[in-house]
Amino acid sequence: MFLHAGSGTSRMWEHQIPDFTLAGYRFIAPERRAEGSAVDDLEALADYLALDRFHLVGTAAGGIVAVDYALTFPERLRSIVIANSIVGVQDEEYLELTRRLRPVPEFNALPAEVRELGPSYRAANPKGTERWKELAQHVSPQATKNRITFAALETIRTPTLLLTGDADLYTPPSVLRLFAERFPNCESLVIPECGHSAFWEQPEIFNRAVLDFIAGK
């Protein structure tokens, strides 16, 4: 199950569908709505599709939903992949860190593609940047079911892969290391020449890392 970013839609997984279906996986990518509970919606979809245990991949805001789901329904998950995500942690120490990283209103005034795509990608891939802008749209975040804290992350026993880009303005490598210290059963990877959208900017590396991680789980 693939969960898109707050700036995206399910159509943005176009670089993942071929590789994952070729590897024999069923590819499910729901759209999130602005109201209600994303966790409840996801659970209802899993029931409707008669899923037993499944792999859950979330990028950016989709990663927050993945963490919230793992805290609520851990028995449903084989693994979780959290890519380029701020994770939704509410500890004041972490919130202060985010304010230093992304000062308001200056950061929010930047164009979405500057916030979300790394400079290497924008410089080398003007067509890909335009395609990303074509597909991007803002999705209002749904409220989480759980208060996500560092202490809560320490309770997640589901095998976890944490990914980020070396030029991610939201989750730079130092922040990824902070998260990796809290998840008790995790691996982590920093993808080079990549901003906040590893699945889009470096799809070959992203796909291989996820496929290798979920194999046999």
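The values are calculated or read from the model by the stated rules, or taken from the named source; none is laboratory data. This is a predicted model, so every value here is computed, not measured. Positions of Cβ are backbone-derived with ideal geometry, glycine not excepted, and every protein chain shown enters the neighbour counts. We work out accessible area using only protein heavy atoms, side chains counted, and drop any ligands, DNA or RNA first. Shrake-Rupley method; radii C 1.70, N 1.55, O 1.52, S 1.80 Å.
If you take the residues of the stretch 170-201 that are of a type outside the set (A, V, I, L, M, F, W, C) and in a strand (DSSP E or B), which of them is nearest to residue 96 (Cα to Cα)? Give the steps one after another, and end with the answer.
Going through the stretch 170-201, the residues of a type outside the set (A, V, I, L, M, F, W, C) turn out to be 170-174, 177, 181-182, 184-185, 187-188, 192-193, 195-197, 201.
Filter once more, so that each one left must be in a strand (DSSP E or B): 187-188.
Values: 187: 26, 188: 24 Å.
Out of the qualifying residues, it is 188.
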Open item on the list: I'm told residue 48 meets every condition in (1) open to solvent by 70 Å² or more (accessible area, probe 1.4 Å); (2) within 28 Å of residue 205 (Cβ to Cβ) except one. Can you identify the failing condition by its number?
Closed with: (2)
- [ ] Please indicate, with yes or no, whether at least one residue in the stretch 62-84 is charged (D, E, K, R) and in a loop (DSSP other than H, G, I, E, B).
- [x] no
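Answer with yes or no whether residue 150 is farther than 16 Å from residue 5 by Cα and more than 15 Å from the chain's Cα centre (by Cα). Walk me through it before giving the result.
Values: farther than 16 Å from residue 5 by Cα: yes; more than 15 Å from the chain's Cα centre (by Cα): yes.
Yes, satisfied.
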Task: Among residues of the stretch 65-95, those that are open to solvent by 30 Å² or more (accessible area, probe 1.4 Å) and within 20 Å of residue 191 (Cα to Cα), counted - done: 1
Open item on the list: Anything in the stretch 93-132 that is farther than 18 Å from residue 164 by Cβ, aliphatic (A, V, I, L, M) and either assigned to a helix (DSSP H, G or I) or in contact (Cβ under 8 Å) with a residue 12 or more places away in the chain (or both)? List them, or say none.
Closed with: 95, 109, 112, 123, 124
Open item on the list: Conditions first: (1) over 30 Å from residue 128 (Cα atoms); (2) polar (S, T, N, Q); (3) open to solvent by 30 Å² or more (accessible area, probe 1.4 Å). Residue 21 passes all but one, so which condition is the exception?
Closed with: (1)
Task: Positions within the stretch 142-188 being closer than 21 Å to residue 77 by Cβ, in contact with a helix residue (DSSP H, G or I) (Cβ under 8 Å, 6 or more places away or on another chain) and open to solvent by 60 Å² or more (accessible area, probe 1.4 Å), in sequence order - done: 144, 145, 155, 157, 182, 187, 188
